[in-house]
Amino acid sequence: MKNPLLCPWLTEKSTGLTEQKGQYVFKVKPDADKEDIKKAIEKKFGVQVKSIRTINCLGKSRVQHTRKGLITAKKSDWKKAVVTLAKGQAIDYYSGSAQKSEG
């Protein structure tokens, strides 16, 4: 797979994981596997990945009321990956590089 990473997933929960446990969350392509994700993160950010957990998220279904009746639709399913880095390493999302913390 060329590049399974789509974007970093920045929410309150993912920011808390980053601050407390050093875990980073990324939105990835649905057909990506753990090895592809690991290689892409190590190549892009220059860090050592300790472990990866993937979550398949189902797209929400919605119903729209119109004059002609109900229209049902469904948003696309997507996948996210929670990446744990080796101790003392960090990712700076904005510069696209890795930082090594002192400590």
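Summary table below
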item	result
Among the residues listed as 27, 39, 43, the single one being free of Cβ contacts under 8 Å to residues at least 40 places away in the same chain and over 20 Å from residue 88 (Cβ atoms)	39
Any hit, the stretch 73-82, residues being among the small types (Gly, Ala, Ser) and exposed (fewer than 10 other Cβ atoms within 10 Å of the Cβ)	yes
Of all residues making up the stretch 22-46, the number that are out of contact with any helix residue (DSSP H, G or I) (no Cβ under 9 Å at 6 or more places or on another chain) and hydrophobic (A, V, I, L, M, F, W, C)	4
Residues of the stretch 4-25 satisfying the condition of being more than 16 Å from residue 78 (Cβ to Cβ) and either surrounded by 14 or more Cβ atoms within 10 Å (Cβ to Cβ) or of a type in the set (Asp, Glu) (or both)	12, 17, 18, 19, 22, 23, 24
Which numbered condition residue 40 fails, given (1) under 14 Å from residue 1 (Cβ atoms); (2) surrounded by fewer than 18 Cβ atoms within 10 Å (Cβ to Cβ)	(2)
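A short reminder: the numbers here are calculations on the coordinates, not readings from a lab. Keep in mind that what you see is a predicted model, and the values were worked out from it rather than measured. Please note: Cβ atoms are built from the backbone with ideal geometry, for glycine as well, and neighbour counts cover all protein chains shown.
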